[in-house]
Amino acid sequence: MKVKIRPAEAVGQEEELQSMSGQLYAAMDFRTCILACCFLCTGIIRHLDGVAAAGSTSSQNRRLFCSLETQEVIPLSSEVKYNRQDAWLLLGKEKSNGDVQRDDPENPPPDGTVLFIVKESSVDILRHADGDINKLKCKISPYFTDNTQILWPGVASRSAELNLWFTGTIKHTDNKFTMTVFFVQSSSTHKVEDGQKPGSRAERLHASGVFLVRAGPSVVHSGLKKDVLLNCAFSVDHHADLTIKWVLLRKGGSKKVLFAYKVSTKKVEHQDKRVEAFLAEIPRGNASLLLRGVEVRDEGNYVCSVAASSLLGEQDIRLQVLEKPTVMLNADSLSLVEGEEQKLVCDVKNFYPLDAQAQWFREPKKRGMLPDVIKHILFSSHRENSNGTYSYSSYFLLTASLEDDGLKYTCHVAHQSLTYPIKKSVMLSVTGAESVWPFVVLGVLTVLAVTACWYLYKVMTASRPRPY
């Protein structure tokens, strides 16, 4: 066994090298932390700036899974056949060779998929399609122009054929918004081999998004006498002469124009007295409408339409009036004698729409036991109030028994305007009926005594001698 002895100078040099190595590693760790922080900050800033949506990556944000829906008229028939095909809506920068920049080259499109490659323009689709990418539904359809050439700034017109136009409808599955985008084809459709997956073929179409209209949420609820905001936004790739209009479609098919505005003249052509638009925000793409003092007659579909050149974008918002009912009982507590009858009434007032449901329950004294449903309940007819709301009553006849002493009878009222049913209760106190026999005997004895006294009086007066 050999033992190698190092000189003191070598040991000192090694310790010095270890010290320098530790300092170097510390500096590298510090730099790594700085770079990581910068990377995280950049991601946070991009997230706040709308580039990345919650629950999705930027690569996912630039690719929407859609369905391409086309129509085909069956020969010798008036029937229309709808054909559906998988499509990808690719939103991103283009490479020099005309291909789209994809962040996930290992995940090529399946065979038969149509790729709609959208060039970047002033119409920022991602900014308006906010939310989790997994909750967006997309449908692309050809936009029929009635065999007329749509003249659009920046789009070259073809002399031999018409430009191909498409509409993309993007909806949030939670009904937060619906958006319609107008696309125009910028190059012909062709099939190319995908280099990432041999044998895969995908149909590609290069297009430009030039105009969009977005509104949401698609259903808005409001109580009476409240102010409600109907959100509508638009974006155009150039300074266009726009016409903005809001129309109310009521049940039965009646129409009412609430607001009309011409951007070129900056003139309000029509405005209902209870609506307000934000004229200063219209140049920024905000076409929202404020409706003040909601009434029952305001319920219906509100159509936000934005016309740009020959294109018309429309979005619907359904306003539903929900007014909570007020519930009252004819008594808070009752003290009854066994066998006594009492009418219990539950008044349900001023609710809308007409779907309030009232039930009576007999609640047990012990906790954890289910209440008993009172059967044979009667209902009054619904009464329509002057403001369009409804009222009615639910009642039954209660015969008091000693078993009811200390119990509660509760009226439950459910309505679509309520998260939980309204409950109103009456506490019942029942006492036993006293025996009536002592009073009957006393009454009989009293009658007998009176009769005896009257009889004796008659006898005594009859036995007295007469003075004549």
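What is the Cα centroid distance between the stretch 405-419 and the stretch 241-296, reported in whole angstrom?
42 Å
Charges only on Cβ, +1 for Lys and Arg, -1 for Asp and Glu: so what's the dipole of the stretch 305-451 about the Cα centre, in debye to the nearest 20?
Details: 13 positive and 16 negative charges, 56 e Å.
In debye, rounded to 20, the stretch 305-451 gives about 280.
Testing the spin-label approximation: label points 7 Å from Cα along Cα→Cβ at A414 and N385. State their distance in nm.
2.3 nm
Not counting ligands, DNA or RNA, and with a 1.4 Å probe, what is I133's accessible surface area in Å² rounded to the nearest 10?
20 Å²
If we sort 213-219, 259-265, 424-430 on the protection proxy, mean other Cβ atoms within 10 Å, highest first, what's the order?
213-219, 424-430, 259-265
If you look at just the Cα atoms of the stretch 274-392, how large are its Rg and its Dmax in Å?
Reported Rg and Dmax, both Å: 24.2, 82.
Highest mean first, how do 349-361, 374-386 rank when packing is the count of other Cβ atoms within 10 Å averaged over residues?
Values: 349-361: 17.8, 374-386: 10.9.
The densest-packed peptide leads the list: 349-361, 374-386.
What Rg and what Dmax come out for the stretch 317-356 when only alpha-carbon atoms are used, in angstroms?
When restricted to the Cα atoms of the stretch 317-356, Rg and Dmax are 16.7, 58 Å.
Where the accessible area of the stretch 138-188 is counted over protein heavy atoms with a 1.4 Å probe, how much of it, in %, is carbon and sulfur?
Values: 1340 of 2640 Å².
Carbon and sulfur atoms account for 51 percent of the accessible area of the stretch 138-188.
For the stretch 253-329, what does the accessible surface come to per residue with a 1.4 Å probe? Please give it in Å².
Values: 3860 Å² over 77 residues.
Here the per-residue accessible area is 50 Å².
Provide the descending list of Cα extents for the stretch 355-415 along its principal axes, expressed in whole angstroms.
On the principal axes, the stretch 355-415 reaches 43, 25, 17 Å in Cα extent.
Among 230-240, 443-453, how do they line up from the highest to the lowest mean number of other beta-carbon atoms within 10 Å?
On the way: 230-240: 20.2, 443-453: 10.1.
Listed from highest to lowest mean packing, they are 230-240, 443-453.
The values are calculated or read from the model by the stated rules, or taken from the named source; none is laboratory data. In this text the structure is predicted, and so the values were computed from the model without any measurement. With ideal geometry, Cβ positions are generated from the backbone for all residues, glycine too; neighbour counts draw on all protein chains shown. Protein only, heavy atoms only, side chains kept; ligands, DNA and RNA dropped before computing areas. Shrake-Rupley method; radii C 1.70, N 1.55, O 1.52, S 1.80 Å.
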